[in-house]
Every structure is written in structure tokens, then in C-alpha cells.
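Report on the following structure.
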Amino acid sequence: MNAADILTAIEAGEDKDWEFKSAKGGLPGSMWDTYSAMANTDGGVIVLGVKEYDGEFDVQGLEHPNKMEKDFWTTINNRGKLNANILSNHDVRIVLVDSKPVLVVQVPRATRRQRPIFVGHNPLVGTYRRYNDGDFLCSQEEVGRMLADQSDQPADTEILSGFRFDDLDKRSLDQYRNRFASRSPSHPWLKLDDPGLLEKLGGWRTDRTSGQEGLTVAGLLMFGKDEAIRDPAALPQYHVDFRERLSSDPQVRWTDRIWPDGTWVANLFQFYERVYPRLVEGLKIPFQFLNPQESGLFQRHDETIVHEAVREALVNSMIHTDFRGQGGIIIERYRDRLEFSNPGTLLLGIEQVLKGGVSECRNKTLQGMFGMLGYGEKAGSGIDKIRQGWASQNWRWPMIQEQHRPDRVKLVLRMVSLMPEDSLARLRSSLGETLTKLNVREVQALVTADVEGSVSNQRLQQFSADHKADITSLLQELVAKGFLLKDGYGRWASYRLSERLAGSGHNGGDSSHNGGDSSHNGVDSSHNGVDSSHNEVDSSHNRVDSSHKHEGIREEDRRKLEILSASARTKKRLSSEKTRKMILEL
């Protein structure tokens, strides 16, 4: 059986991470590493009784499934083996696959207060994470960040020993006060002097237990001088960077850049003040008129729900950052999209983030500081506001990506229609009347593969309320019809346009459509440990116009080549022997 058949048999979609284990000799020892890894990443499913080899799956079944299940519960509740059991009874079940019993273990994503989940007694040597399809031992730094996220005390409330009021930029504090006054002119805090206002905002704090008082991490980040923020005793990894990439000239890396180049004080307040206007500049959004009953007269109102969405995304990237992580805050503006990338992991799973209604913020004091200016939501509705803004223009839904090694979160906001006419035209030229026979969800899947370079179960969940298993079936049907090609399986399963469609000019010229786009490739330039401004590969240098890939090859021969190479596209890995054989056949 193939992976899709097994997933269908146990009634699950392919949006999760999967691990198949034979378990012929009993519970495999590696299972607990996988349990730890999945819990510390994004959850997943372990199936015992299925052997995997070179992308092939052999359902062997279990000789004594009930005993296996009992042994599993005994071991996972042994605190000498694992530090925590985060499973419920319904997470473990015996299922018949091909008339053979297998044990299915559904591992949820651990909450921030549960992480790290580790094997043995020492989290520093027993904590794992999933990376691609393997279990990797976490570094001490990764474990340390998990332990820090456990705390009910936000990271930005830490008092910095040895830092003084002189480490703050007076002009930033004055500008903040003016912004605050324009929004709430009668607020009592405005009567306080600067130290008093800073204390009310949480930028200066006294520890009631130790008696220590001083500047907090939030105060330094929001109003501090560059050199003070990056001091080895504070946040030496701190970096903020805005890159505007509006030129079609491949020789132009960016048309504008705002970064700590010594010409301005690069704290978060000044970064926001400089970057937000550049993000919304030129947005082609119709202006609105204020209600005369509210304002007394008709007034033009240039601030729209789209502007609010952009502001929310920018503030979110700052208040959710792990400032001890790698790579810094990277904001990029392209002609067709905005990208917000920051160090750290999601404190909630992607599914919960997309549902909204729950707020988990890494830097609550910073959140409050921006909130006093009317920037940033505290009620867990931030992603809702972003989605509403984009939906108002019928643009593609926001895409959230969580990456590891190093830990980073990226939000991509495409200013492209859900159903771009140019994409539909390309599909229509390839499929003709067949396109009209597809339902809306099938067309949406093909359009997404065209516009974004690939489509996945998880991505389509962001467009509809369909069950993940139904989405899997839809994608598989498009593969069966020859419209999509599948790469990988489980959480890493993705689908791209088949050669039949891609050969008709798809993904040919626009940087938002090609595989070299920074938002689609496996290694994002903003996600390496070094300042990515020195390690970028401009996607415009790496474009391959797919309309010329099969030039001169007859249709009959092209189809034969696709059949011969199918196993390389649909299986996770091939043995060297099978690879050599395929190359010779091709």
C-alpha cells in the first residue's frame, strides 16, 4: 500500500507529520524520540505495524495489538522514561489496515507550558524536534528557549542590571508621548514626567521580591539607543531590517532599505515609525468617508481596514519575536506581497492561530506599549483583523509558516486576487472546457499551485472550512486527473502543477510564481544565522521559464518520460539502485 491508502484507512488527512514503524520486536526504542520530537514541533501521528523502506510501505500488522497498546500506556506514564504524557485515551487506537491491526498514536502539539517534552531525566540531553522527516536532538540553546517560553513572566519584563535611563533615546520617548497624547489627550499618565511615564508603561520596573529596580527589556527595545540594545549584557542578536524590492531589474537587490546603518536610532518605536509608511505607500485602496453623525461633517478617511491589517502584521512581528533568536526581524515589500519574518516559534499551533480568539504573546509589555497608541490587538483577534483586511479586497488569504533551525515565523500577505484572471486564463488555455467542469475548490487548488508555486493540505485549510481528509481526497483526485504532481507525504506533502499545465507558460515570469521566490524555497534568506543581507540569492537570477522546458519533445514522448519518472516525484526517497535504473531508462 502507499502512504495515501494507509492515511485513508485510518481516516486521517495528510496535513500532519507521519512516522511508520514495524514494531515486530515490541515497542521500538526510537518511538519515544519521535514522540518527544512531534510534541515539541507541530504534533503528528505514529503508526506501529507498518514497515517503510525506500518509500514503499508494507502493512505487517501487530501479533498482539492489545498487549502492545497496554505496554505503550505503561511506558508513556513512566516518569523515568518520559517527563510527561500529553495524550488522551482517544489519541491511541487500534485500526485495521488491509485486514491487519496497527496501533495509531496521535501526538498533539505540546503547549508552551508543557514544552520541552523529553526522554529520560535531563531535558538538555533528551529533547527532540522534527526536522523534515527525522528526529533531531535539540541544542542546549533550543531547550533553553523552550524553558523560557514556559514562564508566566513575559520575556520583556526582565530587569537589565547595569542599564540606566541614559541608555534611552530622549527623542523616541518624546515622540511616543506625542503619539499617545494625540490619541488620548486627557490620559492621566501624560501628566507624569518621563521616568513616571516609563514606569507606567512597564519600561522601568521594581522587583518586589529582591528590591531590584531598573530598565526592563521592553523599555530598552522600545526606546533604547542602538549600542545599548546590542550590548552583550542585553540583546546582542538584535537586528531589524526593512527591504523594499520593487524593481524588475535583476541587478537591483532592493529599491530601499531601512536597517541599523548608524543614521537613525534603531529601536522598535523608530523602526515602526519608518517602516509602516513604506509598507502602505501606494496601496491602491479606495478612501472612505467618515459618518457625519460621528464626526460632525463629511471627512475623507484614508485609513482603511487594509491599513489596519498591515499595521497589525508589523506590530505582531515585533511583539511575538524571540529577541535572543537568530536572524532578526525582516520585513520585505514586493510588488505583489508583503512578508514579515521574525525569530521564535509560535506559542500556539497554526490551527489555533488561524481560528483566532486566543492570545498568547511573548512580549506582553511591548504589546501594551503599542496598544496605548492603538496599535496591535490584545484580545486574540489580530489574525482576524489581518484576514478581514485582505478579504475586503478579495486577496489571497494570509499564509503563516513556522520554520526550525533556526526557529522563525513568517507571515506572507499576497496582494493578489483569490482567482487572478491571468492564472485562470493560463489554466483555461491548457484545460479548455475541462476547467468549467471542475468545482470551485478544485479550481482554487490549481490556482494556488500556479500563483504560489505549490499547494498543500494545510494551505487549503486556510481557504475553507472543509475537513482535512476531504481536502486530501480533493488533491488526490487532481493528481489522478493528471493536473497535479505530488511531492513527499504527510506534513511535507505538497502538490505542483503537472508538466501538462506547467508547460503552457505557468510560473514563467513573475517572481511571485517561480520556484526561486524567497517565500517558497526551503531556505529563506532571512532565516540563516548570519545577516541575510550578505547571503541573498536574487530569485530573478534563477528563473527557469517552464514554457521552454519541453521544447522539441513530442507529446507522446513527454508522457512516457513522466511515467518513467513518477516514482521519483511521488516517493519520499529512492534507493541508489532504483535511482540508477530510472536514469538509464530515461
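The values are calculated or read from the model by the stated rules, or taken from the named source; none is laboratory data. As the structure is a computational prediction, the values presented were derived from the model and not from experiment. Using ideal geometry, Cβ is built from the backbone for each residue, glycine included, and neighbour counts are taken over all protein chains shown.
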Any hit, the stretch 242-258, residues being at pLDDT 95 or above and over 27 Å from the mean Cα position of the chain (by Cα): no
Among the residues in the stretch 196-203, are any acidic (D, E), surrounded by 12 or more Cβ atoms within 10 Å (Cβ to Cβ) and in contact (Cβ under 8 Å) with a residue 24 or more places away in the chain? no
Give the stretch 402-427 a look and list any residue that's surrounded by 19 or more Cβ atoms within 10 Å (Cβ to Cβ) and polar (S, T, N, Q), or say none. S423
So which pairs qualify, if the first residue must be in the stretch 483-508 and over 19 Å from L438 (Cα atoms) and in the same structural domain as V455 (by TED's automatic domain parsing), the second must be at pLDDT below 70 and among the aliphatic types (A, V, I, L, M), the Cβ gap must be under 6 Å, and the two must be at least 6 apart or on different chains? Y489/A3
Among the residues of the stretch 104-153, the number that are closer than 24 Å to N77 by Cα and part of a loop (DSSP other than H, G, I, E, B) is 14
Matching residues in the stretch 411-460 (of a type in the set (A, V, I, L, M) and not in a helix (DSSP H, G or I)) number 9
If I filter the stretch 403-421 for residues that are of a type in the set (S, T, Y) and in contact (Cβ under 8 Å) with a residue 60 or more places away in the chain, do I get at least one hit? no
What residue, among those in the stretch 435-453 that are of a type in the set (G, A, S) and at pLDDT 90 or above, is nearest to the chain's Cα centre (by Cα)? A449
Among the residues of the stretch 25-36, are any part of a helix (DSSP H, G or I), of a type in the set (A, V, I, L, M, F, W, C), surrounded by 16 or more Cβ atoms within 10 Å (Cβ to Cβ) and at pLDDT below 90? no
Answer yes or no as to whether A233 is among the aliphatic types (A, V, I, L, M) and surrounded by 13 or more Cβ atoms within 10 Å (Cβ to Cβ). no
Does I285 qualify as being surrounded by 14 or more Cβ atoms within 10 Å (Cβ to Cβ) and at pLDDT 95 or above? no
Give all pairs with beta carbons closer than 7 Å in which a residue from the stretch 246-264 that is of a type in the set (G, A, S) meets a residue that is in a loop (DSSP other than H, G, I, E, B); count only pairs at least 6 apart in sequence or on separate chains. S247/T255
Let me spell it out: the conditions are (1) surrounded by fewer than 17 Cβ atoms within 10 Å (Cβ to Cβ); (2) at pLDDT below 80, and I350 meets all of them except one. Which number is the exception? (1)
Return the total of residues in the stretch 39-62 being part of a loop (DSSP other than H, G, I, E, B) and out of contact with any strand residue (DSSP E or B) (no Cβ under 9 Å at 6 or more places or on another chain). 2
Looking at the stretch 174-265, what helices (runs of 4 or more DSSP H) fall wholly within it and have at least 1 residues that are more than 20 Å from V315 (Cα to Cα)? 194-201, 226-229
Taking into account only those residues within the stretch 63-95 that are in a strand (DSSP E or B) and out of contact with any Pro (no Cβ under 6 Å at 6 or more places or on another chain), which is surrounded by the fewest Cβ atoms within 10 Å (Cβ to Cβ)? R93
Is it true that L124 is modelled with pLDDT of 90 or more and within 25 Å of G61 (Cβ to Cβ)? no
